[in-house]
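FYI, it's all coordinate maths here, none of it is from the lab. These figures come from a predicted structure and were not determined experimentally. Here the Cβ positions follow ideal geometry from the backbone for every residue, glycine too, while neighbour counts run over all protein chains shown.
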């Protein structure tokens, strides 16, 4: 009986460890890089770096924005995105609660934050970081435009790019992955 209980507990432990590892893959990947482990670098093809493919669908008489993004070599979905009328690169991240911008991308988009604006703390793959809450007046990807989107700007050096999180995605009528492509629809 004791052996059976030990085996059940061991299987339960490994199952929980696997679930944790899957849910925290980005943290594990960042830790591996921090320990000096060399991870393969993503290479972009011309098709992956160009503007997203845009089409129009019709629902009644109202045109609806529709964008498809191909996955990169790591299965990530990246695109050129306009934030407040300025173009930056962003990675779509359903695990991010809000749109999270690097300090550099925020400046590129005309968003200036002072040291005193970093009033919140968030847990990132790189640990705890201070962020400045902002409202992004307009985010555009292809024909899709979403206004007044909650976001944050990270402290300088704490985030390497911009994450297009759920504060943007939840405002769409749908987003789904089909055949290795991320479909966004306004």
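Among the criteria (1) surrounded by 14 or more Cβ atoms within 10 Å (Cβ to Cβ); (2) part of a strand (DSSP E or B), the one residue 171 does not fulfil is (2). Filtering 156, 133 for residues that are over 27 Å from residue 186 (Cβ atoms) and either within 17 Å of the chain's Cα centre (by Cα) or surrounded by fewer than 20 Cβ atoms within 10 Å (Cβ to Cβ) (or both) leaves a single hit, 156.
Of all residues in segment 126-142, which are in a strand (DSSP E or B) and touching a residue at least 40 places away in the same chain (Cβ under 8 Å)? Selection gives 136, 137, 138, 139, 140, 141. Comparison of 152, 145 shows that the only residue that is outside any loop (DSSP other than H, G, I, E, B), in contact (Cβ under 8 Å) with a residue 24 or more places away in the chain and under 18 Å from residue 104 (Cα atoms) is 152.
Going by the structure shown, is residue 178 more than 19 Å from residue 74 (Cβ to Cβ) and without any contact (Cβ under 8 Å) to a residue 24 or more places away in the chain? It is false that residue 178 is more than 19 Å from residue 74 (Cβ to Cβ) and without any contact (Cβ under 8 Å) to a residue 24 or more places away in the chain.
Considering only segment 105-125, state which residues are part of a strand (DSSP E or B) and more than 20 Å from residue 90 (Cα to Cα). Within segment 105-125, 120, 121 qualify.
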